[in-house]
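The values are calculated or read from the model by the stated rules, or taken from the named source; none is laboratory data. Bear in mind the structure is a predicted one, so any value in this text is a computation, not a measurement. Virtual Cβ from ideal backbone geometry, glycine too; neighbours counted across all protein chains shown. SASA here: full protein model, heavy atoms, side chains in, ligands and nucleic acids out. Shrake-Rupley method; radii C 1.70, N 1.55, O 1.52, S 1.80 Å.
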Amino acid sequence: MNTAVPAVTGVIPTAEPSDRQKIKAIVAASSGNLVEWYDFYAYAFTSIYFASAFFPSSSPTGQLLATAGIFAVGFFMRPLGGWIFGRIADRRGRKSSMVFSVLLMCAGSLMIGLLPTYETIGVLAPVLLLVARLAQGLSVGGEYGTAATYMSEVAGKGRRGFLSSFQYVTLIGGQLLAVLVVFALQHVLTGEEMRAWGWRIPFLIGAVAAVVAMMLRGSLKESISHETMNSKEAGSLRALMKHKRALLITFAFTMGGSLYFYTMTTYMQKFLVNTVKLDLKSVSTVMTLALIVFMLLQPLFGALSDRIGRRNNMILFSGLAALGAVPLLSSLSLVTSPYAAFGLILTGLVIATFYTSISGVVKAELFPAEVRALGVGLPYAIANAMFGGTAEYVALSFKSYGNESLFFYYVAAMASAAFLASLWMPDTRKYGYLDGNGRMKD
């Protein structure tokens, strides 16, 4: 990579903020992140109920494949979102980018909540559902890189892992909130009511929550200097391509990390229902408890990375995931008890925590300020679209052809690629652009 001048970080040169100010900034940035991911996951957790409303079919697996396909298509808007919002963040500021992204997510969520069904408007229903998911995909594609960059910049040296881990606290929190809302609705409404109209409620809640996030994000202070934003290289793809090693490492980490994460979270609900044959309420209970523990672990593992280094965290994650994916998922497919399922899922999530707790900061440290949001967001969005967003679809496709176990080996193979990248990664405590000297070689 090109040599960076150590004294120029691109962060606004002000006095070191207090811990209270840092926490306030992290909470404000995280609020929008929570709403974004709540809205995004609301689709995944309610699709079991609305699949038949948009995709009439005699096969439940066929309906799930259709909704999973649209879930995956939303991911393919992420690269465009990563580029658009990353460029905005590097050229116009992190704050503006984060405000715009949460607005777009609100629009997509509101649209899904109000959509007529196939019975009412025919084929136009799934088409409009696709449009709404494209908007949400564009929004999330921009959210990740900008939020990760902002939180990494305001966290400060020595505690970046700990404070930046709250990005995944709120990401998981959004997922958990979606699960809790569905869980509550399942206990208030009948299954027939959930399929008829109850599934719409989570999307409407998400649209309202976005207003609160807008207010909180509006109070943020910018973390990038005007000098950096006005640089001709700010948000430039040409400038970004000077950092090929960082781009490849970020891509590989996302490839393995996102596939593993989505397998153990969003796809796991359908896996427990469709393969393990647990009832919906048991599945919601298992996933809710597992996600609560998973969320609480993030700061602990983030703090661990401050002590042992981000590189070692990634080696532990990718190595354990590569070795553990097949036995974990194979064992899960054979369980009959919700308690056994909970134990195995939690084991998988503990492995994931080595990665998720530092997912943003480990990438932000690899890029200079003028292309940091773009560098974090764009390769992440591309890899996430290719491997994370397609996790459900690939898994269900293998299942429909009677070869579900091949998916387990697919997850292990992608984790192995992340392991190789973690060995190639420099120690960012010495050679990173946030805490190191900014000198890394391609």
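Largest first, the three principal axis extents of the alpha carbons in the chain are 63, 42, 38 Å in whole numbers. The charge dipole of the chain, taken about its Cα centre with unit charges on the Cβ atoms of Lys, Arg (+1), Asp and Glu (-1) only, comes to about 1040 debye.
Using the rule -39500 (n - 2.57) for each DSSP H run of four or more residues, divided by the residues of the chain, the 222 nm mean residue ellipticity is -25000 deg cm²/dmol.
Comparing Gln21, Gln167, Gln136 in a Gaussian network model of the chain (Cα springs below 10 Å), the most mobile by mean-square fluctuation is Gln21. Partners of Lys95 within straight-line reach, counting lysines whose Cα lies under 17 Å from its Cα and excluding those fewer than 8 residues away in the same chain: Lys22, Lys24, Lys221. Protection proxy ranking of 102-112, 262-272, 176-186, by the mean of other Cβ atoms within 10 Å over each peptide's residues and highest first, is 262-272, 102-112, 176-186. Computed from the C-beta positions of Leu334 and Leu103, the FRET efficiency with R₀ = 51 Å rounds to 0.65.
Close amide-amide hydrogen proximity is noted between Ile224 and Ile12, Arg94, each under 5 Å apart and 5 or more residues distant or on a separate chain (H modeled in the peptide plane; Pro and chain starts excluded). Extents of the stretch 170-252, taken as max minus min of Cα coordinates on every principal axis and listed largest first, are 57, 34, 19 Å.
Measuring nothing but protein heavy atoms, the accessible surface of the stretch 212-258 at 1.4 Å probe radius is 63 percent carbon and sulfur.
Each peptide in 114-121, 81-88 was scored by the mean count of other Cβ atoms within 10 Å over its residues; highest first, the order is 81-88, 114-121. Within a straight-line Cα-Cα reach of under 18 Å, Lys277 can be paired with the following lysines, leaving aside sequence neighbours fewer than 8 residues apart in one chain: Lys399.
Taking θ as phi - 60° and the Karplus parameters 6.51, -1.76 and 1.60, the scalar couplings of the stretch 219-228 work out to 8, 5, 9, 5, 10, 10, 6, 4, 4, 5 Hz in sequence order, x denoting glycine and proline. Using the average count of surrounding beta-carbon atoms within 10 Å as a protection proxy, the listed peptides 123-135, 37-49 rank, highest first, as 37-49, 123-135. Of all lysines in the structure, those lying under 18 Å Cα to Cα from Lys363, and not within fewer than 8 positions of it along the same chain, are Lys157, Lys242, Lys244, Lys430, Lys441. A simple charge model with +1 on the Cβ of Lys and Arg, -1 on the Cβ of Asp and Glu and nothing else charged puts the dipole of the stretch 129-209 at about 260 debye relative to its Cα centre.
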